[in-house]
Amino acid sequence: MSFLSNIFGKKKSKSVIGVDIGSSSLKVVQLRREGDTAVLETYGELALGPYAGGQVGQATNLPADKIAETLRDLLRESSVTTNDTGLSIPFSRSLLRLIELPRRDDPNEQRTMVELEARKYIPVPVSEVQLDWFVVPEPIPEGAAPSDKMKVLLVAVHNDELSLLQGVVQGATLNATFYEIEIFSTIRSVVNEPVKPVLVLDIGASATKVYVIEHGVVAFSHNIPQGGQDVTRTIAAAGNLPIEQAELRKKQHGFTAVGANVTAPYERSTIEIIFSRLFEEAKRALAQYEAMNQKTISTLILTGGGGVTKDLLPYAKEFFNMPVELADPFSKVEAPAFMRPVLAEIGPEFAVAVGLALRKLEEVV
């Protein structure tokens, strides 16, 4: 879904970047087009914690100038060679709602009706947000009459968030042609099922987002106010470790139990404490969607920074007792074979950045 086309320039380039502004780190992916193929040129990640006087892995709430400073450092360290970009909007700073309205084919009537209905769901005056919507296409069975109802995906972003992003763009001297809510970027890069409902579990630093994607559209969303940062803090407390060291051990050891080939620096139960809570709430959201819609989720996709926790995939398969995949956004780009194991391992962290770069690449002619 397109959202908020903020045009700062019209120059086209063969190389583009996607910039994912997360709560604990920035991610960037640079792609170029060769015919119909997206080729990976470079990528990088830089933690925001140290720029906020904290540690790696900690969630932050930095002003635009500090984010721009971090981004300039990241672009330099990653050897990025272009400033043509698209940027992410955090799910936590946006509103998504699937609503049902009387069918109207006239665009002006649609706009009036949606804007009136939006007031029921937006907790601030409509003048304080940028509002967008998308009429969800629904197949009509052969011989049946079209429904007198239509489903509309309502999207709103507060003007303050857009002002922050514009400050980042200007401070980092970027040429940004769009901002996109992170879930749409993730759908583009990791969801390949065109029909059956798919559950995306996006484990961020400060929160975990649960999305049901159906026919390429967000049919259901739920936010869990815990994430990878909570897992890191639990490891730090159990081992009396600095946050940065605990974050590293989470990624290197994860669910590897004591007594395995690699001895974990903490008991497996330490890391299960948080993940079991996250997964239990995600399972309740999954059950709610299936009961309300009389449909079965076909697959669960793990993404986000928490998705790179070592051996999380087998634990998730056992917990949910259903097909579970680890997001692999880099599978949609061409890269040297020797890099594939590393890209597959870090893929969940870069789903948004890859999705942004893929959309930006569509503008290249």
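Among the residues of region 241-256, the one identified as surrounded by fewer than 16 Cβ atoms within 10 Å (Cβ to Cβ) and either modelled with pLDDT under 85 or closer than 13 Å to residue 271 by Cα (or both) is 252. Could you say whether any residue in region 229-240 is free of Cβ contacts under 8 Å to residues at least 12 places away in the same chain and farther than 24 Å from residue 22 by Cβ? Scanning region 229-240 turns up at least one residue that is free of Cβ contacts under 8 Å to residues at least 12 places away in the same chain and farther than 24 Å from residue 22 by Cβ.
Per the conditions (1) crowded, with 22+ Cβ neighbours inside 10 Å; (2) in contact with a Gly (Cβ under 8 Å, 6 or more places away or on another chain), the sole criterion not satisfied by residue 326 is (1). In this entry, residue 273 passes the filter for residues that are surrounded by fewer than 21 Cβ atoms within 10 Å (Cβ to Cβ), modelled with pLDDT of 85 or more and part of a helix (DSSP H, G or I).
Restricting attention to region 60-98, which residues are small (Gly, Ala, Ser), closer than 20 Å to residue 33 by Cβ and buried (at least 18 other Cβ atoms within 10 Å of the Cβ)?
Scanning region 60-98 gives 78, 86.
Restricted to strands (runs of 3 or more DSSP E) entirely inside region 193-240, those with at least 3 residues that are at pLDDT below 90 are 217-224.
Screening residue 321 against (1) out of contact with any helix residue (DSSP H, G or I) (no Cβ under 6 Å at 6 or more places or on another chain); (2) surrounded by fewer than 17 Cβ atoms within 10 Å (Cβ to Cβ); (3) within 25 Å of residue 59 (Cβ to Cβ) leaves a single unmet condition, (3). Only one entry of 112, 37, 81, 85 meets the criterion of being more than 21 Å from residue 229 (Cα to Cα) and free of Cβ contacts under 8 Å to residues at least 40 places away in the same chain, and that entry is 112. Kindly indicate whether residue 347 is modelled with pLDDT under 95, surrounded by 17 or more Cβ atoms within 10 Å (Cβ to Cβ), touching a helix residue (DSSP H, G or I) at 6+ places or on another chain (Cβ under 6 Å) and under 19 Å from residue 192 (Cα atoms). Yes. Applying the selection to region 122-176, what residues are surrounded by 11 or more Cβ atoms within 10 Å (Cβ to Cβ), free of Cβ contacts under 8 Å to residues at least 60 places away in the same chain and hydrophobic (A, V, I, L, M, F, W, C)? Passing the criteria: 122, 124, 126, 129, 131, 133, 135, 150, 152, 154. Residue count for region 292-308, restricted to those that are surrounded by 24 or more Cβ atoms within 10 Å (Cβ to Cβ) and among the β-branched types (Val, Ile, Thr): 2.
The values are calculated or read from the model by the stated rules, or taken from the named source; none is laboratory data. Given the structure is predicted, the values throughout are model-derived calculations rather than measurements. Glycine gets a Cβ as well: all are built from the backbone with ideal geometry, and neighbour counts include every protein chain shown.
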